[in-house]
Amino acid sequence: MRCRLTSTFAGHIVRKRIIWQQPLVWLAQILTAMINERHTPLEVLALFPAHDQTLCGMLHSRAGVNPTRPFLLFQGRSCTYGEAVIHVTAVAQSLRTHGIAKGNRVAIMTTNSDSYVLLLFALAQIGAIAVPVNPELNAAEASYIFQHAEVAAVACTPETLATARDATAELAVTPWFFLLEGRVDALTTVGHPLQPSEAATARVNPGPDDICLILYTSGTTGFPKGVMHSQRNFVLAGEAFVERMYLQPDDRLFVVLPLFHINALFYSLGGALAAGASLLVAPKFSASAFWRTAAKGGATEVNIIGAVGNILTRRPRSEFQSDHRLRKIYGAGMSVETLLVFPSEFGVSTLIEGYGLTEVPGVSNNPFLGPHKAGSIGCAARHPDRSGVFAEMRVVDDQGNNVPVGETGQIAVRTPITMQGYYRDSEATAAAFLDGWFLTGDLGFRDTDGYYYFVTRKKDIIRRRGENVSGAEIDRVVALHPKILEAAAIGVPCELGDEEILVVVVPRPGHSLIPDEIAEWCAQHLAPCKRPRYFTQVESLPHTPTHRVAKFKLKQDPTLRQRAVELRSGR
């Protein structure tokens, strides 16, 4: 799963040129930050005692300074840092009582909750490994993950229990099932709140390099791969997010993305913990409840993806609550509309754009204090402690050689937050690296100031009439049409060889699309070689669990080509 953004200054539509953020706006942001932010990122980390670079070590470090500060807020429940330490120890003891030990994989198949977060820390405390699973997967999809990870236990809720049981039917050893919320006969509930009698002091001390997390990729090109991350990775990513968003201890981070997503885990949860801040947890993203929940919970920061931003900008303004405290957003894939509406209509002053992958989180971002470059995924990410090298980026050719500034190649990354490998897949792990650099599979370029620009996925290239065309570029341009909600371009067979371009579009509610309008729009905004030949209108597009369009599913649907209308501009 990838997080990427085209950064565009509000009010401008970027087509083929780079637009700098206006100097006065940049200066105003710096002055605002100086007034409002009381500590530098390094000063924030220095507020707390040193620890052993593990999740629970960091939790104890923060709890020792601010035991009464709220750590988790969820649907009317509140858990302070001090209470979290007690709850985590109790959950860890319960897990050990049921045979969960260091190195065991434990699947978590539920929506977001405070119990989910406490379980993550409890597993880390005993050295077990969390395997977050999308609760919307069907039994067959979940079964692959359960079998590949060889899970010893499955945490679920009454709503996901039946699917989880079906998914484990063919496992050689039936895992232990337990609940995080609710009650089911004969099943243990290990969650929050806990009974005082369950509290215990027994503790295992895992090391910072022990694996604590296996996240399975979306599987858009084949079977999902299990990405392994250590406790140190989790901690470093959280500290780096303090730098990225200038987090303060009194910040309240609003989690609307799922906790099976690297963004919610390493940025929202990790960032809140590193800053000694609070985490406002939503079960899942709800557009209708977003502003109400943000205002009531006192949220100051939220992480979103492009789809979330687009949905919120197009919701009825009657849902908006002006008494919210949101001031900072970290985003991926945000549209021009999002970047315009949030500051001007919603009063959210700072939107930071960046890029990262499940394998290498938090690779780059536009600096919090600027300057921000339109169209850029920013510079290599920094850690508050500047004493060592943090993220490094290159743009390379197929042989791994650096390409000149301004030329497109594959983005390669080296960072201390790099995954420890793909679980049980040494071949794929080896193929992902070249001389210690992780090959992202994303094409991009770098400018003379060290800012990077995402172009497209290497596997999202359409070969048309001898030219390589970026499907992502067509998606972005077509989706700017005022009547279009979402668009996805794919390659379809051409009678002359290579491929033709088919664009699949979802109209905005209340609008109908006329092929000639689409053709004219593409003629105005795309070079001839990039203009779609075919156009198909659908009610919705398939998405991966991380809300990317599942183009592999579109390519498997022959009816899209059969139903397509030929556009005059694409002939």
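Tell me, please, whether a residue that is under 25 Å from the mean Cα position of the chain (by Cα), small (G, A, S) and at positive phi can be found in segment 122-145. Can you show your working first?
From segment 122-145, those under 25 Å from the mean Cα position of the chain (by Cα) are 122-125, 127-145; that's our starting set.
Those left that are additionally small (G, A, S): 122, 124, 127-128, 130, 139-140, 142-143.
Now drop any that are not at positive phi, which leaves 127.
Checked segment 122-145: at least one residue is under 25 Å from the mean Cα position of the chain (by Cα), small (G, A, S) and at positive phi.
If a residue has to be surrounded by fewer than 17 Cβ atoms within 10 Å (Cβ to Cβ), β-branched (V, I, T) and in contact (Cβ under 8 Å) with a residue 24 or more places away in the chain to count, how many in segment 56-105 make the cut?
Final tally of qualifying residues: 1.
For segment 528-562, what are the residues that are over 23 Å from the mean Cα position of the chain (by Cα) and within 27 Å of L259 (Cα to Cα)?
So in segment 528-562, the residues over 23 Å from the mean Cα position of the chain (by Cα) come out as 528-539, 555-562.
Selection gives nothing.
Just to check your reading of the model, which residue among E150, E141, E170 is in contact with a helix residue (DSSP H, G or I) (Cβ under 9 Å, 6 or more places away or on another chain), within 17 Å of I214 (Cβ to Cβ) and acidic (D, E)?
Testing whether each residue is in contact with a helix residue (DSSP H, G or I) (Cβ under 9 Å, 6 or more places away or on another chain), within 17 Å of I214 (Cβ to Cβ) and acidic (D, E) leaves just E141.
Tell me which residues, restricted to segment 309-353, are over 22 Å from I484 (Cβ atoms) and aliphatic (A, V, I, L, M).
Selection gives L326, I329, V348, L351, I352.
When F346 is evaluated against the numbered criteria (1) touching an Asp or Glu at 6+ places or on another chain (Cβ under 9 Å); (2) among the aromatic types (F, W, Y); (3) part of a loop (DSSP other than H, G, I, E, B), which criterion, by number, is the only one it fails?
It is condition (1) that F346 fails.
Quick one: I108 ticks every box in (1) over 24 Å from the mean Cα position of the chain (by Cα); (2) touching a residue at least 24 places away in the same chain (Cβ under 8 Å) except a single one, so which number is it?
It is condition (1) that I108 fails.
Can you pull out the residues in segment 231-277 that are under 14 Å from the mean Cα position of the chain (by Cα) and free of Cβ contacts under 8 Å to residues at least 60 places away in the same chain?
V256, L257, S268, G270, G271
Suppose the filter is assigned to a loop (DSSP other than H, G, I, E, B), at pLDDT 95 or above, more than 25 Å from the chain's Cα centre (by Cα) and over 24 Å from M245 (Cβ atoms); does P49 pass it?
No.
Scan segment 115-128 and tell me whether some residue there is over 23 Å from H148 (Cα atoms), modelled with pLDDT of 95 or more and touching a strand residue (DSSP E or B) at 6+ places or on another chain (Cβ under 7 Å).
yes
Residues are listed down the side, and each one gets a yes or a no for (1) among the β-branched types (V, I, T); (2) over 23 Å from R105 (Cβ atoms); (3) touching a helix residue (DSSP H, G or I) at 6+ places or on another chain (Cβ under 7 Å):
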position: G226; (1), (2), (3): no, no, yes
position: S230; (1), (2), (3): no, no, no
position: V235; (1), (2), (3): yes, no, yes
position: D250; (1), (2), (3): no, yes, no
position: F260; (1), (2), (3): no, no, no
position: A264; (1), (2), (3): no, no, no
position: L273; (1), (2), (3): no, no, yes
position: S288; (1), (2), (3): no, yes, yes
position: T293; (1), (2), (3): yes, yes, no
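To keep it simple, each residue is scored yes or no on (1) without any contact (Cβ under 8 Å) to a residue 60 or more places away in the chain; (2) touching a Lys or Arg at 6+ places or on another chain (Cβ under 9 Å); (3) crowded, with 22+ Cβ neighbours inside 10 Å.
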position: K284; (1), (2), (3): no, no, no
position: T293; (1), (2), (3): yes, no, no
position: I304; (1), (2), (3): yes, no, yes
position: R325; (1), (2), (3): no, yes, no
position: E337; (1), (2), (3): yes, yes, no
position: G347; (1), (2), (3): yes, yes, no
position: L357; (1), (2), (3): no, yes, yes
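Hey, which of the strands (runs of 3 or more DSSP E) in segment 436-524, taking only ones fully inside, have at least 3 residues that are crowded, with 17+ Cβ neighbours inside 10 Å, free of Cβ contacts under 8 Å to residues at least 60 places away in the same chain and of a type outside the set (D, E, K, R)? Quick ask: steps written out before the conclusion?
Working: elements: 437-446, 452-457, 461-464, 467-470, 484-493, 499-507.
Those strands (runs of 3 or more DSSP E) span 437-446, 484-493, 499-507.
Do you know which residues across segment 142-182 are among the aromatic types (F, W, Y), part of a helix (DSSP H, G or I) and at pLDDT 95 or above?
F146
Tell me yes or no: at least one residue of segment 118-139 is assigned to a helix (DSSP H, G or I) and more than 22 Å from L265 (Cα to Cα).
Looking through segment 118-139, at least one residue is assigned to a helix (DSSP H, G or I) and more than 22 Å from L265 (Cα to Cα).
Failed condition for C529, given (1) among the hydrophobic types (A, V, I, L, M, F, W, C); (2) surrounded by 15 or more Cβ atoms within 10 Å (Cβ to Cβ); (3) outside any strand (DSSP E or B), with all others met?
(2)
Please pick out the residue among L526, L513 that is modelled with pLDDT under 90, under 27 Å from V308 (Cα atoms) and touching a His at 6+ places or on another chain (Cβ under 9 Å). Walk me through how you get there before you give the answer.
Working: L526 fails: touching a His at 6+ places or on another chain (Cβ under 9 Å).
After ruling out the rest, the residue left standing is L513.
The values are calculated or read from the model by the stated rules, or taken from the named source; none is laboratory data. Here the structure is a predicted model, which means the values were calculated and not measured. Heads up, the Cβs are rebuilt from the backbone with ideal geometry, glycines too, and the neighbour counts pull from every protein chain shown.
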